[in-house]
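Chemist: I'd like to ask some things about the structure below.
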Amino acid sequence: MKTQLLFDVFRTEIGDLTVVVDDSGAVAEIWTSDASERLLASGGYVRDPSAIAEPRRQLEEYSAGKRTTFDLRLAAKGTEFQHQVWDQLVRIPFGETRSYGELAAMLGNGNASRAVGRANATNPISIVVPCHRVIGSTGELTGYAGGLPMKRKLLQLEGVLGPDLFQDA
């Protein structure tokens with residue numbers, strides 16, 4: 001029997017978030033945008049605000065600067081290697097960053113930074129599995145599925161980056 005996926009979209013201080021949970025209530029996806037049209041069009045997703053109450057509460061606290069860790073059951077679909085990378089991502093503390101090479105070394109293969117980057121890019125549970133905390137080896141902000149402006153916003157929220165004084169210029 002196919003797992004039913006339940007979702008809702010809500011506004012936070014960092015923008016719209018879409019949270020998807022499986023029928024057991026485990027978080028399966030988080031999008032840093034309103035993904036409702038895409039989810040409904042793809043089938044298998046049902047909008048149910050009550051199903052995402054706890055993830056919503058924790059994400060609202062995070063976006064308001066009141067939470068630095070999450071306590072949620074996760075159900076990300078991926079390969080064994082992707083799960084190894086994602087397990088390392090959740091070990092990066094709030095307010096810190098790591099490079100792709102550092103993550104590869106943490107996995108025991110310092111030459112796997114490109115593979116780590118690809119696994120990072122396919123992380124379906126952004127923010128909670130903090131792929132935004134991964135930066136280039138020289139400290140530059142590199143790709144983020146939610147876009148570099150969102151990555152910058154998340155790192156500013158966590159105190160890694162200072163405010164962008166010219167963001168509205």
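The values are calculated or read from the model by the stated rules, or taken from the named source; none is laboratory data. Being a predicted model, the structure only gives us computed values, none of them experimental. Every residue, glycine among them, receives a Cβ derived from its backbone with ideal geometry; neighbour counts consider all protein chains shown.
Chemist: Only one of (1) surrounded by 13 or more Cβ atoms within 10 Å (Cβ to Cβ); (2) over 30 Å from Ala112 (Cβ atoms) is not met by Ala75, so which one is it?
Modeler: (2)
Chemist: Right, something else. Return the residues of the range 81-99 that are of a type outside the set (Val, Ile, Thr) and more than 14 Å from Gly159 (Cα to Cα); say none if nothing qualifies.
Modeler: The answer is Phe81, Gln82, His83, Gln84, Trp86, Asp87, Gln88, Leu89, Arg91, Arg98, Ser99.
Chemist: Can we say Ala28 is among the hydrophobic types (A, V, I, L, M, F, W, C), in contact with a strand residue (DSSP E or B) (Cβ under 8 Å, 6 or more places away or on another chain) and within 19 Å of Glu54 (Cβ to Cβ)?
Modeler: Details: among the hydrophobic types (A, V, I, L, M, F, W, C): yes; in contact with a strand residue (DSSP E or B) (Cβ under 8 Å, 6 or more places away or on another chain): yes; within 19 Å of Glu54 (Cβ to Cβ): yes.
Yes.
Chemist: Condition (residue is on the phi > 0 side of the Ramachandran plot, touching a Lys or Arg at 6+ places or on another chain (Cβ under 8 Å) and surrounded by fewer than 20 Cβ atoms within 10 Å (Cβ to Cβ)) applied to the range 41-59: is it met by at least one residue?
Modeler: Within the range 41-59, one or more residues are on the phi > 0 side of the Ramachandran plot, touching a Lys or Arg at 6+ places or on another chain (Cβ under 8 Å) and surrounded by fewer than 20 Cβ atoms within 10 Å (Cβ to Cβ).
Chemist: Within the range 39-61, track down each residue that is assigned to a helix (DSSP H, G or I) and modelled with pLDDT under 95.
Modeler: Result: Leu39, Leu40, Ala41, Ser42.
Chemist: Give the number of residues within the range 2-58 that are closer than 15 Å to Phe70 by Cβ and either among the basic types (Lys, Arg) or in the same structural domain as Ser126 (by TED's automatic domain parsing) (or both).
Modeler: Total meeting the criteria: 2.
Chemist: Could you list, in sequence order, all residues of the range 9-27 that are surrounded by fewer than 20 Cβ atoms within 10 Å (Cβ to Cβ) and touching a Pro at 6+ places or on another chain (Cβ under 7 Å)?
Modeler: The answer is none; no residue qualifies.
Chemist: Follow-up. For the range 68-100, how many residues meet the condition of being assigned to a loop (DSSP other than H, G, I, E, B) and hydrophobic (A, V, I, L, M, F, W, C)?
Modeler: 7
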